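Single-structure report; data block below.
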Amino acid sequence: MRLTSFKAALARIPAARALNLAPERPRIEKLALVIVEAAIELVPEELWDHPAVRAYAARRGRRPGEILLDRSYHHAAMKKLPEAEKRGRPDIAHFVLLEALGSPLNKRGLLEVWVQARSGHVIWVNPETRLPRVYERFKGLIEKLYRAPVVEADGKVLLRLEEKGLEQLIEDIDPDLRILLSERGELTSWSKLASILTSARKPVIMIGGFPHGDFHRNVYQLADRVVSIWPEALEAWIIASRAISIVESALKLGEYD
């Protein structure tokens, strides 16, 4: 090959790469985040007469069936509950919601958040909701939601509780991609996950809202892909924060140059 021909070939390479290998413009319009099997439920009836439950309810001025199950106060009562290791941790959903609602992605109107509670309910959270930062006040708010399934302020619905399963919720969200984040999933780089998520119009990310154990089988069956973002287990709020940040970076939020 002549030198001139070789130089001409080299000159054409960048143009070919620009034509064939340039990243596609993100298709994503909104990310849906679902906290799955969240450890939120009222104290089950079989524990109402336990001394730890009765004492705590009395201090709160509530009946045992009106308070959230909370391992911090009801550990002794929970020992014989089925799947006890997955229950009584409303604080996990609280942390995740604070992370999600305070994110730039949410402030840009690109995020919607749902909680699928162990009680068989789904909680819709208005993106404009400012949740209490103090955990005990958050618990009081959720307990109020179980008594009256809509929380409003200034004419706006902030929280809504419905009896609904995960399958129906996913159908209602109508995503074109369903990702389950699990330590049992395929270890995936953050850049690859960003590409996967932003190539969909409305992806949904499902993360666990329980402290120990595994998802039920039906959760895995609902997922198009099961993904792990770190070789070790991470707390749910860390996973949520990283997943949201991955999408924010792919959309170049915060880049002003």
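The numbers here are math on the coordinates, done by the rules we state, and not lab data. Everything numeric in this text was worked out from a predicted model, so none of it was measured. Every residue, glycine among them, receives a Cβ derived from its backbone with ideal geometry; neighbour counts consider all protein chains shown.
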Where both partners of a DSSP beta bridge lie in region 18-142, what percent of those bridges are antiparallel, to the nearest 5?
45
Hits among lysines - C-alpha to C-alpha of Lys144 under 19 Å, sequence gap 8 or more where chains match:
Lys156, Lys164
Counting only backbone N atoms under 17 Å from a point 7 Å out along Cα-to-Cβ of Asn218, the residues of region 120-135 in range are 120-123
Neighbour counts of other C-beta atoms within 10 Å: give me Tyr56, Tyr220 arranged from fewest to most.
Tyr220, Tyr56
In whole Å, how far is the Cα centre of region 92-163 from that of region 203-257?
19
Under a plain spin-label model, where a point goes 7 Å from the Cα along Cα-to-Cβ, how far apart in nm are Lys107 and Trp230?
2.4
If contacts are Cα pairs under 8 angstrom and at least 6 residues apart, what is the relative contact order of the chain in percent?
25
Projected onto the charge dipole of the chain (+1 at Lys/Arg Cβ, -1 at Asp/Glu Cβ, origin at the Cα centre), which of Gly65, Gln221, Ala52 gives the Cα projection farthest towards the positive end?
Gln221
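Quick check: residue separation of Glu163 and Ala148 times 0.36 nm, minus the Cα distance between them. What number comes out in nm?
On the way: separation 15, 0.36 × 15 = 5.40 nm, distance 1.27 nm.
Gain in length upon complete extension: 4.1 nm.
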Which of the helices in the chain, when you take each full DSSP H run, stretch at least 24 Å along the axis at their Cα atoms and have an average Kyte-Doolittle score of -1.0 or higher?
3-20
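In deg cm²/dmol and to the nearest 500, what is the mean residue ellipticity at 222 nm of the chain if only DSSP H runs of at least 4 residues count, each as -39500 (n - 2.57), divided by the residue total? Don't jump to the answer; show the numbers that get you there.
Details: 10 runs with 103 residues, N = 257.
-12000 deg cm²/dmol, from helical runs alone.
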Contour minus Cα-Cα distance for Glu183 and Leu141 (0.36 nm per residue):
12.0 nm
